[in-house]
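A short worksheet on the structure shown next.
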Amino acid sequence: MNSSKGDRATSTPEMPEVAFSLKTVHRMLPLVGRIVNDIQEGHQALQRLEPEQARLDRQKRTLDWPARQRRYQLQEDALQLERGLSGAREELNGLGVVLLDEDLGRVGFPTMVNNRRAFFSWQLGEHGLHSWHFAEETACRPIPTAWLKELSLAGN
C-alpha cells in the first residue's frame, strides 16, 4: 500500500485532491459516521413527509386554512431538511470524503494503492473499516491483513 507513509495529494476530476492513509481513515470514521447518519436520517424524514405533502399538493385548490397552513409547514420542513442534507454533503466533501452511494450510506476515502487511485470503503452500520476498491471499480475487496498490521504497528 503506497499511502501508508501519510496523506498524499493526487489530482483528478473524479476524486478530491487528497489521499488518506489507513491510520487517518480510522481516526476520521467516528465523525464521518455521524455525518452519514445525519444524511440517512434526513432522507428518512423527507420520505415521511412526502405522502402527506403530495396529498396536500394535489388538493391545494380546495384546502381550508388549517390544511393550507399544514401544507406550507411541510414545504418549509422539507426545505430545511434539504438544506441539512446539502450541508452534510458539503461537510463530507470538505473532509475529502466521497459519497459513493447516498441511499446505502456508503462513502469512500481516497487513497493510492500500487500507484492507482483507490478508495477505502465504509458503509453506515459497519463497525470499522474492512474494505477498499480501485476508483474505477465498484466491487469491494477486503483490506489485507498486512495493511492492518501496519496500522497496529503505527499505534493508532
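Throughout, read-outs are computed from the coordinates displayed, never taken from laboratory work. Worth saying up front: this structure is predicted, and the values here are computed from it rather than measured. Here the Cβ is made from the backbone with ideal geometry for all residues, glycine too, and neighbour counts use every protein chain on show.
Thinking of the chain as a set of Cα atoms, what percent of all their pairs are more than 28 Å apart? Value for the chain (Cα pairs over 28 Å): 35 percent. Less than 5 angstrom separates the built amide H of Trp132 from those of Ser121, Arg141, Ile143, all sequence-distant by 5 or more or on a different chain. Sort region 20-87 into rounded, prolate or oblate with this rule: let a ≥ b ≥ c be the square roots of the eigenvalues of the Cα gyration tensor; rounded if a/c is under 1.5, and if a/c is not under 1.5, prolate when a/b is larger than b/c, oblate otherwise. Judged from the Cα gyration tensor, region 20-87 comes out prolate (a/c at least 1.5, a/b above b/c).
Only helical runs count toward this figure. For the chain, summing -39,500 (n - 2.57) over DSSP H runs of n ≥ 4 and dividing by all residues gives -18000 deg cm²/dmol at 222 nm. Backbone phi angles across region 128-133, fed through the Karplus curve with coefficients 6.51, -1.76 and 1.60 (θ = phi - 60°), yield HN-Hα couplings of x, 9, 10, 9, 8, 7 Hz in residue order; Gly and Pro are listed as x.
In order along region 100-116, the Karplus-derived 3J(HN,Hα) couplings, from 6.51 cos²θ - 1.76 cosθ + 1.60 at θ = phi - 60°, round to 7, 8, 5, 5, 8, x, 9, 10, x, 9, x, 8, 10, 10, 6, 6, 10 Hz, and Gly and Pro are given as x.
Put a plus charge on the Cβ of each Lys and Arg, a minus charge on the Cβ of each Asp and Glu, and nothing anywhere else: the dipole of the chain about its Cα centre is then about 80 debye.
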